[in-house]
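Asks: Supplied in structure tokens, the structure appears directly below.
The values are calculated or read from the model by the stated rules, or taken from the named source; none is laboratory data. Keep in mind that this is a model prediction, so the values were computed, not measured. In this analysis, Cβ positions are derived from the backbone assuming ideal geometry, glycine residues included, and neighbour counts consider all displayed protein chains.
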Amino acid sequence: MYDVGTNRGAGGTGIWDGTRLHVSKNWRTWNVMANGPLRAVFELGYEPWDAGNGVMVT
């Protein structure tokens, strides 16, 4: 695993509303489920965020 600091790293989560991309903030929680020689499996948790027009994504 590696730390990308405050940027989005190699990806991110977003909602496209047909006109604009509404992106989440950086992850808040993490859990490494497997960190072996062939693969890494992890999950990230995000705080709820506004996807436009007051629609909250959780």
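Asks: Would you mind finding the one in R28, R39, R20 that is touching a strand residue (DSSP E or B) at 6+ places or on another chain (Cβ under 9 Å) and on the phi < 0 side of the Ramachandran plot? Working first, answer last.
Replies: Working: R39 fails: touching a strand residue (DSSP E or B) at 6+ places or on another chain (Cβ under 9 Å); R20 fails: touching a strand residue (DSSP E or B) at 6+ places or on another chain (Cβ under 9 Å).
Checking each option against the conditions leaves just R28.
Asks: Sticking with this one: Quick check: is even one residue across the stretch 25-35 of a type in the set (A, V, I, L, M, F, W, C) and modelled with pLDDT under 85?
Replies: Here is the first cut: in the stretch 25-35, the ones of a type in the set (A, V, I, L, M, F, W, C) are 27, 30, 32-34.
Subset that is modelled with pLDDT under 85: 27.
Within the stretch 25-35 (the criterion being of a type in the set (A, V, I, L, M, F, W, C) and modelled with pLDDT under 85), the answer is yes, since at least one residue qualifies.
Asks: Let me ask something additional. Filter the stretch 11-22 down to residues that are in contact (Cβ under 8 Å) with a residue 24 or more places away in the chain and surrounded by fewer than 14 Cβ atoms within 10 Å (Cβ to Cβ) and give me whichever is farthest from N53 (Cα to Cα). Give the steps one after another, and end with the answer.
Replies: Here is the first cut: in the stretch 11-22, the residues in contact (Cβ under 8 Å) with a residue 24 or more places away in the chain are 13, 15, 17, 20, 22.
Now restrict to residues that are surrounded by fewer than 14 Cβ atoms within 10 Å (Cβ to Cβ): 17, 20.
Values: D17: 10, R20: 12 Å.
Looking at the filtered set, the residue picked out is R20.
Asks: Taking interchain pairs and intrachain pairs at least six residues apart, which have beta carbon atoms under 9 angstrom, with the first residue in the stretch 36-50 and free of Cβ contacts under 8 Å to residues at least 24 places away in the same chain and the second outside any loop (DSSP other than H, G, I, E, B) and surrounded by 12 or more Cβ atoms within 10 Å (Cβ to Cβ)?
Replies: These pairs meet every condition: P48/V57.
Asks: I would also like to ask the following. Filter the stretch 41-57 for residues that are exposed (fewer than 12 other Cβ atoms within 10 Å of the Cβ), part of a loop (DSSP other than H, G, I, E, B) and among the aliphatic types (A, V, I, L, M) and give the result.
Replies: If the condition is that a residue be exposed (fewer than 12 other Cβ atoms within 10 Å of the Cβ), part of a loop (DSSP other than H, G, I, E, B) and among the aliphatic types (A, V, I, L, M), then V55 is the only one that fits.
Asks: Also, quick follow-up: For the stretch 14-40, enumerate the residues that are among the polar types (S, T, N, Q) and not in a strand (DSSP E or B). Quick ask: steps written out before the conclusion?
Replies: So the first thing to find is which residues in the stretch 14-40 are among the polar types (S, T, N, Q), and the list is 19, 24, 26, 29, 31, 35.
Result: T19, S24, N26.
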